[in-house]
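Comments concern the structure below.
The values are calculated or read from the model by the stated rules, or taken from the named source; none is laboratory data. Model, not experiment: these values are computed from the prediction. Here the Cβ positions follow ideal geometry from the backbone for every residue, glycine too, while neighbour counts run over all protein chains shown.
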Amino acid sequence: MVINFTKHYVGIPKVITLKGRNQEKSHKKNRYQALLSPEPISKMSHPEKNKALLEDRMVPEALAMEKIAEQCLNAKKPVIFVPGRIILWTWEEGAPAKARVLRKLAEAIGAEILPIMDIRPGYPQARTAVEINPYHGDLVIGHNKYDVVLFVGVECAYADVALKLIKDGTDVTTIALCGHRGHVDATITLCQVGINTIENLITIINKAKEKNAE
């Protein structure tokens, strides 16, 4: 079976075999739609050190963090996606410290925390109310109607796919706090993020809350 990976297929794709046209005709009753997918390769460069991407513009990290604070505090239903190995268990080095700072971040912006497991839910139908497909966080976002989504420490392969789909099909604001090079398909992305970076972000958020309360 040959599938073009630059398109999404809804329904059953036509199967081409070597048994001639008769068998091929038997599949004409199958209906499917070929929908354009996001661009497979982004044209933006990753942010440089101490820089960030803000709506496809390279800006100083401090400016991006102020914008993150603004977006999070104005959100109606924010959520933080984080790997389960960080937030649920302690076998990874540094996980408890990371979990504590993520809980502080969630409390500062009033966000839920959803762990992403390194597994795939059952197919063909994912139960988006209770399962998170690591490649399709967009399904859970749509089900729960989140409007601002933070990807924190999510494996780059998972985050890249989900962010492309979210960018292409929704108006959700996405914020990627990445420990590596960042994610160019996010609305805002920081690179080389560590605990200190998140602590600084929490400070900026709390100052913004105090200013708004005046």
Item to check | Scan of the range 67-89 for residues that are assigned to a helix (DSSP H, G or I), in contact with a helix residue (DSSP H, G or I) (Cβ under 8 Å, 6 or more places away or on another chain) and of a type in the set (D, E, K, R), ordered by number | outcome: E70, R85
Checklist entry - If you check A52, A64, which single one turns out to be modelled with pLDDT of 80 or more, within 19 Å of A186 (Cβ to Cβ) and assigned to a helix (DSSP H, G or I)? => result A64
Next on the checklist: Here are the criteria: (1) outside any helix (DSSP H, G or I); (2) over 11 Å from the mean Cα position of the chain (by Cα). Tell me which single one I205 does not satisfy.
Outcome noted: (1)
Checklist entry - For the range 78-99, which residues satisfy the criterion of being at pLDDT below 95 and of a type outside the set (A, V, I, L, M)? => result F81, P83, G84, R85, W89, T90, W91, E92, E93, G94, P96, K98
Checklist outcome for this item: So, first residue in the same structural domain as K67 (by TED's automatic domain parsing) and among the small types (G, A, S) in the range 182-202, second residue at pLDDT 90 or above and surrounded by 22 or more Cβ atoms within 10 Å (Cβ to Cβ), Cβ within less than 6 Å, six or more apart or across chains; the pairs are G182/T189; G182/C191; A186/T174; A186/A176
Item to check | Condition check for L114: at pLDDT 85 or above, surrounded by 14 or more Cβ atoms within 10 Å (Cβ to Cβ) and not in a helix (DSSP H, G or I) | outcome: yes
Next on the checklist: Give all pairs with beta carbons closer than 9 Å in which a residue from the range 77-101 that is in the same structural domain as G153 (by TED's automatic domain parsing) meets a residue that is assigned to a helix (DSSP H, G or I) and acidic (D, E); count only pairs at least 6 apart in sequence or on separate chains.
Outcome noted: V101/E199
